[in-house]
């Protein structure tokens with residue numbers, strides 16, 4: 001291709017200046033890098049579906065929150081005439097005892113309502129007259145993380161008339177990570193008095209963290225230490241030479257510390273924590289539904305995953321002939337009563353049901369350096385050095401340096417089902433032309449068309465990632481929070497602007513847009 005282009009324009013080579021001129025001619029600019037964020041997948045079907053469900057869930061739960069103000073009909077009309085609120089807005093009702101006409105508004109309706117509720121009410125709003133009074137009130141706690149660096153400066157700087165410039169550090173300096181929780185009811189963090197800390201510490205006395213392994217890994221033991229300050233805002237000096245890097249283990253301990261504070265001080269309120277989809281927050285249980293841990297076919301290195309229930313048609317079942325219906329439980333491992341992989345003939349299914357050892361094919365495996373070192377240590381032989389030196393020492397002492405096994409042809413019974421089988425059972429695989437044809441039509445990433453574009457309808461990974469039960473699989477954080485008596489909800493992917501419940505404008509804008517759509 002390069003040679004053809006050079007011949008077309010009568011050139012023998014391309015120099016950097018020529019490339020630069022062409023790039024400028026095409027409208028490109030060579031400028032300092034600007035920060036931004038990448039939102040590929042913003043309009044993926046699964047993201048759109050989750051976003052709509054999140055909005056519906058949020059609006060439903062908001063009726064149970066301290067987000068409302070009630071005023072008389074007379075005051076509402078006066079505010080409408082002043083242009084403070086929109087005409088004919090709000091929820092109309094009559095006071096039960098007096099019959100006085102009233103209206104209820106969300107505190108975000110105007111600044112006047114928010115300022116008034118901040119003065120008059122502890123949580124910045126009142127309960128709604130439309131709430132379910134048999135249920136507890138809800139407070140949502142948002143979470144977000146940020147990194148602050150000591151010498152974070154722009155790539156450009158001011159120069160004096162004689163070319164002098166300020167001395168700039170070569171590195172960005174000390175890095176501090178903030179992990180903070182916030183809410184509309186409490187604001188940034190959760191300030192606590194010494195008396196409140198004492199109450200919480202009394203409850204935590206002689207208690208261990210629910211995720212004891214995380215506490216042992218990061219703190220050396222599972223016991224909960226006394227809290228000296230509010231755990232809602234933590235500063236973490238990150239880096240390989242500092243406190244390491246913020247991870248799931250840090251997050252699950254901070255979450256449990258905060259839950260202890262809230263459940264002790266506000267036992268009559270239900271709390272919902274809003275977390276984004278960072279890798280630490282999304283860590284799954286060992287048997288959780290995870291497309292990344294699946295292969296195309298059965299068995300192999302893929303892990304066994306939990307069985308899952310088909311809760312509804314949309315997001316669970318496809319349009320092709322299927323084996324499952326709403327209310328059924330899909331087994332993620334092949335059982336003894338299963339016929340086997342659908343793409344096989346009945347004869348192949350029967351012949352490949354169980355593992356078969358092929359005694360005609362040997363597989364030799366050379367022991368690793370670590371394995372040889374262990375075998376030498378068991379004989380009280382202390383040898384260090386290269387792999388060759390360890391192998392020589394083993395041979396001199398009659399210790400084998402390799403093992404010989406026979407090839408095992410894996411059967412399907414008792415093994416994890418792969419992506420293809422799971423999708424076929426749900427009706428997402430077109431197998432009308434036969435199982436073999438269906439097997440060759442789909443791949444993990446999907447095949448490309450004649451123009452080099454990847455066809456997502458042939459991608460097993462793309463198809464299974466859009467399933468509702470895979471998309472909404474409970475994380476370890478969610479499981480831990482549920483066992484501690486609270487709920488963890490995850491904000492929609494690709495919506496970093498609403499990370500943290502305290503960011504009112506962005507979250508309300510999203511809710512409004514989704515309501516209109």
### Message
Between 0 and 90 degrees, rounded to the nearest ten: what's the tilt of helix 504-516 against the longest Cα principal axis of the chain?
### Response
80
### Query
What does the helix-only formula give at 222 nm for the chain: each DSSP H stretch with n ≥ 4 adding -39500 (n - 2.57), the total divided by the residues, and the result rounded to the nearest 500 deg cm²/dmol?
-9000 deg cm²/dmol
### Mean Cα-pair separation over length for the chain, i.e. relative contact order, pairs under 8 Å, 6 or more apart, %
16
### Message
7 Å from Cα along Cα→Cβ at both residue 313 and residue 111: what's the point-to-point distance in nm?
### Response
5.1
### Summary
Given a Förster distance of 25 Å, the FRET efficiency implied by the Cβ-Cβ spacing of residue 320 and residue 350, rounded to the nearest 0.05, works out to 0.45
### Query
For 277, 42, what ranking results if the residue with the fewest other Cβ atoms within 10 Å of its Cβ goes first?
42, 277
### Query
In percent, how large is the relative contact order of the stretch 357-409, given Cα pairs closer than 8 Å and 6 or more residues apart?
59
## Note on the structure
Taking max minus min of the Cα coordinates of the stretch 66-122 on each principal axis, largest first, gives extents in Å of 28, 27, 14
## Note on the structure
Percent antiparallel among DSSP beta bridges confined to the chain, rounded to 5, stands at 75
### Task
Can you put 77, 486 in order of Cβ neighbours within 10 angstrom, beginning with the fewest?
77, 486
#### Entry: Rounded to 10°, Cα long-axis angle of helix 111-120 versus longest principal axis of the chain
80
### Query
R0 = 30 Å: FRET efficiency of residue 457 with residue 306, Cβ-based, nearest 0.05?
0.65
### Query
Nearest 10 degrees, 0 to 90: what angle lies between the long axis of helix 45-62 and the longest principal axis of the chain (Cα atoms)?
30
### Query
Going by average Cβ neighbours within 10 Å, how do the peptides 93-102, 332-341, 318-327 rank, with the highest at the top?
332-341, 318-327, 93-102
## Note on the structure
Reviewing (i) 31.1, 101; (ii) 23.2, 79; (iii) 21.1, 59, the figure for Rg and Dmax of the Cα atoms in Å actually calculated from this model sits under (i)
### Query
Taking the Cβ-Cβ separation of residue 338 and residue 28 as r and a Förster radius of 51 Å, what is the calculated FRET efficiency to the nearest 0.05?
0.35
### Query
Label points 7 Å out from Cα along the Cβ direction at residue 479 and residue 121: separation in nm?
3.8
### Task
In nm, give the distance between the simple-model label positions of residue 6 and residue 178, each being 7 Å from the Cα along the Cα-to-Cβ direction.
5.6
### Ratio Rg/Rh, restricted to the stretch 357-409 and using Cα atoms, in which Rh is the Kirkwood radius
1.10
### Message
Using a 10 Å cut-off around each Cβ, can you sort 443, 304 from fewest to most neighbouring Cβ atoms?
### Response
304, 443
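Computed from the coordinates by the stated procedures, all read-outs in this text should not be read as laboratory data. Fair warning: this is a prediction, and the values are worked out from it, not measured in the lab. Ideal geometry is used to build each Cβ from the backbone, glycine not excepted, and the neighbour counts take in all protein chains shown.
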